[in-house]
1. Can you confirm whether residue 173 is free of Cβ contacts under 8 Å to residues at least 24 places away in the same chain and within 21 Å of residue 54 (Cβ to Cβ)?
2. In the range 105-133, which residues are in contact with a Lys or Arg (Cβ under 8 Å, 6 or more places away or on another chain) and within 12 Å of residue 84 (Cα to Cα)?
3. Select from the range 71-82 the residues that are within 22 Å of residue 182 (Cβ to Cβ) and either more than 9 Å from the chain's Cα centre (by Cα) or of a type in the set (A, V, I, L, M, F, W, C) (or both) and list them in ascending order.
4. Take the conditions touching a Pro at 6+ places or on another chain (Cβ under 7 Å), closer than 25 Å to residue 25 by Cβ and either basic (Lys, Arg) or buried (at least 17 other Cβ atoms within 10 Å of the Cβ) (or both) and apply them to residue 76. Does it pass?
5. Given the conditions (1) more than 29 Å from residue 73 (Cβ to Cβ); (2) modelled with pLDDT of 95 or more, which single one is not true for residue 130?
6. Taking the range 16-49, which residues are out of contact with any Lys or Arg (no Cβ under 9 Å at 6 or more places or on another chain) and open to solvent by less than 50 Å² (accessible area, probe 1.4 Å)?
7. Residue check: is residue 83 of a type in the set (Val, Ile, Thr) and open to solvent by 40 Å² or more (accessible area, probe 1.4 Å)?
8. Could you tell me whether residue 66 is closer than 22 Å to residue 173 by Cα and assigned to a loop (DSSP other than H, G, I, E, B)?
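The values are calculated or read from the model by the stated rules, or taken from the named source; none is laboratory data. Everything numeric in this text was worked out from a predicted model, so none of it was measured. In this analysis, Cβ positions are derived from the backbone assuming ideal geometry, glycine residues included, and neighbour counts consider all displayed protein chains. To get the accessible areas, we keep the full protein, side chains included, count just its heavy atoms, and leave off ligands, DNA and RNA. Shrake-Rupley method; radii C 1.70, N 1.55, O 1.52, S 1.80 Å.
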Amino acid sequence: MPEWQNTPSSPRKRLKLPVLDASGRYQNSKIELRTRANGEIDNLQVWEHSQMEWGQLGEQLSRFTKAERVSEACPVYNCHGLTFGSRRTSVGPTVLPILDDDGFDPIAEKEARPGDIVIYSDAGGQVVHSGFVIQRKQVEIIIGTRSAIPVIWSKWGKGYEMVHEVGECPYLEEEGNYPTYYRLQMWKPV
């Protein structure tokens, strides 16, 4: 038996929250987060949901009935924090340089497979959402015609982590919004 299996498990460490400010709210914080090419990744840890954010959580769940909620709401990280920050912090919307620094290349939707990243952009090319491809699912597009579409694991804002078909989310509701897929083709040292 490996040595690590013989050792008693250590007690789980509790998340250490930042200090409270004078009004009794947690102070926002930032962590050191970098790309493979050592570029700084802008981030912010927000420790509480606003009233407006709490109100949006339930509304999104009721509109997208085919999406599956797979976590509790956590304000500390957003969708980009899930995709690029390992659930530790919210990452700003400038994620294309992260993909570039980390060696990801765009791929066609038909090539997307589990582990690839999806970026949702608006009609002007601004990134509005990100997530991971976790599988391809056969769906009927037109009566008698089936197609395999990507299924995504993402976080909706600062709310819940969700598993959903690529088009079953609030980030494709706006006219002109579109997904782009990325894959780490071949890792090269920088």
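1. Details: free of Cβ contacts under 8 Å to residues at least 24 places away in the same chain: yes; within 21 Å of residue 54 (Cβ to Cβ): yes.
Taking the combined requirement at face value, the residue satisfies it.
2. Result: 117, 131.
3. Step one: of the range 71-82, the residues within 22 Å of residue 182 (Cβ to Cβ) are 77-82.
If the condition is that a residue be within 22 Å of residue 182 (Cβ to Cβ) and either more than 9 Å from the chain's Cα centre (by Cα) or of a type in the set (A, V, I, L, M, F, W, C) (or both), then 79, 82 are the ones that fit.
4. Details: touching a Pro at 6+ places or on another chain (Cβ under 7 Å): no; closer than 25 Å to residue 25 by Cβ: yes; either basic (Lys, Arg) or buried (at least 17 other Cβ atoms within 10 Å of the Cβ) (or both): yes.
It is false that residue 76 is touching a Pro at 6+ places or on another chain (Cβ under 7 Å), closer than 25 Å to residue 25 by Cβ and either basic (Lys, Arg) or buried (at least 17 other Cβ atoms within 10 Å of the Cβ) (or both).
5. (1)
6. Let us first name the residues in the range 16-49 that are out of contact with any Lys or Arg (no Cβ under 9 Å at 6 or more places or on another chain), namely 16-30, 32, 34-39.
Selection gives 18, 24, 29, 35, 37, 39.
7. In short, no.
8. When the stated conditions are applied, residue 66 passes them.
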